[in-house]
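These notes are about the structure you will find just below.
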Amino acid sequence: MIEITTLSELTIDGKLSLGVGASSKDLFDFYGDELKAWFHGQRASRDAIMVGAATVRADDPELTVRYCEGPNPLRVVPTSMGRLPLESRLLNDGYPTLVTVSRACPQATVEVLEAKPNVEVVRCGEHTADMVELASILHGRGVRTLIVEGGSHLLHSLFEAGLVAQIIIKHIPVISGALDAPTYLQAGEAGSTLGLSRWRLDDMFVKSGVGVSIYRPLAEAVAA
Ligand SMILES: NC(=O)c1ccc[n+]([C@@H]2O[C@H](COP(=O)([O-])OP(=O)(O)OC[C@H]3O[C@@H](n4cnc5c(N)ncnc54)[C@H](OP(=O)(O)O)[C@@H]3O)[C@@H](O)[C@H]2O)c1
């Protein structure tokens with residue numbers, strides 16, 4: 001069993017970034033030191049960290065622990081066909097990274113990614129990553145805690161699979177005004193089977209002027 005936590009920053013108008021194609025790193029500008037240290041402490045206390053491939057393409061994140069002391073979690077990035085920019089930081093900085101590709105991804109693409117330092121590629125899912133299979137792959141590698149930092153398609157898949165045990169939201173006190181910017185959850189082409197679920201507010205506090213809410217399922221009925 002893996003405990004999966006999602007951790008996201010949302011603007012007052014419910015956006016994950018300040019505009020279409022904008023980096024969510026822009027929201028980091030609204031962080032103070034206390035929040036940065038707490039946020040990176042959340043990373044350091046997990047075995048693995050995951051973002052979707054579109055977040056890597058948009059944000060080029062490092063997904064390392066930098067604002068507090070602590071180990072870097074294993075980085076995990078699902079991508080259907082291995083479409084990750086080869087100059088991405090996480091493919092080049094030498095920290096461990098696990099990329100999952102679908103069984104439809106050409107072997108040549110896998111080999112290009114595996115030539116990157118400390119990057120391992122595993123196959124998961126027929127055409128997109130199967131979240132239950134992915135959780136099982138990670139469990140087999142000793143991962144017991146996973147923090148997922150978005151974006152909205154990956155979060156949707158995890159909620160749809162019923163795998164999320166804890167939700168953390170950082171409420172960034174700005175209105176983006178970008179009505180077409182990504183919202184918290186977005187379904188892929190297959191549509192959505194996501195229904196109503198109720199969550200219990202577990203904790204709520206303010207760090208560096210940013211509200212942080214932590215939720216758990218109302219009924220502890222998580223599938224992983
Ligand atoms: N505010 C925040 O907390 C926060 C955090 C992260 C990201 N963001 C923002 O969110 C935006 C990106 O979000 P996004 O929704 O477009 O993309 P995303 O969720 O980051 O990534 C989606 C991609 O993940 C891969 N994937 C493989 N299997 C999947 C599955 N079963 N379900 C979902 N994805 C799967 C696919 O990559 P392939 O296309 O390669 O097949 C898919 O296109 C960016 O604007 C970023 O700045 C905000």
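Any read-out appearing in this document is the output of simple, stated calculations on the displayed coordinates, not a laboratory observation. Owing to the predicted nature of the structure, the values given are computational and were not obtained by experimental measurement. Quick reminder, even Gly has a Cβ in these numbers, built from the backbone with ideal geometry, and neighbours come from all protein chains shown.
Can you run phi through the Karplus equation (6.51, -1.76, 1.60; θ = phi - 60°) for region 180-188 and list ³J(HN,Hα) in whole Hz, with x for Gly and Pro?
Ordered by residue, 3J(HN,Hα) equals 9, 5, x, 8, 4, 10, 9, 8, x Hz.
Along the Cα→Cβ direction, 7 angstrom out, place labels at Val206 and Leu86. What is the inter-label distance in nm?
That separation, rounded to one decimal, is 5.0 nm.
If you find the alpha carbon centre of region 133-199 and of region 23-93, how far apart are they in angstrom?
The distance from the Cα centre of region 133-199 to that of region 23-93 comes to 15 Å.
For the chain, compute the number of Lys pairs whose alpha carbons are separated by less than 12 Å, excluding pairs fewer than 8 positions apart on the same chain.
Going through the chain pair by pair, I get 4.
Can you put Trp199, Trp38 in order, fewest other beta carbons within 10 Å first?
The order, fewest Cβ neighbours first, is Trp199, Trp38.
If we count other beta carbons within 10 Å of each Cβ, what is the order of Leu154, Leu218, fewest first?
So the residues, fewest neighbours to most, are Leu218, Leu154.
What number, rounded to the nearest 500 deg cm²/dmol, is the helix-based mean residue ellipticity at 222 nm of the chain, given -39500 (n - 2.57) per DSSP H run of at least four residues and division by all its residues?
So the calculated ellipticity at 222 nm is -6000 deg cm²/dmol.
Asn72: net charge of surrounding residues, Cβ under 13 Å, Lys/Arg +1, Asp/Glu -1, itself excluded?
Summing Lys/Arg as +1 and Asp/Glu as -1 gives +1.
List the residues of region 69-91 whose backbone N lies under 17 Å from a point placed 7 Å from the Cα of Glu189 along the Cα-to-Cβ direction.
Within reach of a label on Glu189: 79-83.
Any chance you could give the angle, 0 to 90 degrees and rounded to 10, that helix 131-140 forms with the longest Cα principal axis of the chain?
Long axis of 131-140 versus the principal axis of the chain: about 70 degrees.
Write down the Å³ per residue value for the convex hull defined by the alpha carbon atoms of region 37-76.
Once divided by residue count, the hull of region 37-76 is 59 Å³.
When a footprinting reagent is the concern and you count Cβ atoms within 10 Å, what order do Ile175, Ile49, Ile137 take, fewest first?
Going from sparsest to densest Cβ surroundings: Ile175, Ile137, Ile49.
Rounded, prolate or oblate: pick one for the chain, where a ≥ b ≥ c are the square roots of the eigenvalues of its C-alpha gyration tensor, a/c under 1.5 means rounded, and failing that, prolate if a/b is larger than b/c, else oblate.
In terms of gyration-tensor shape, rounded.
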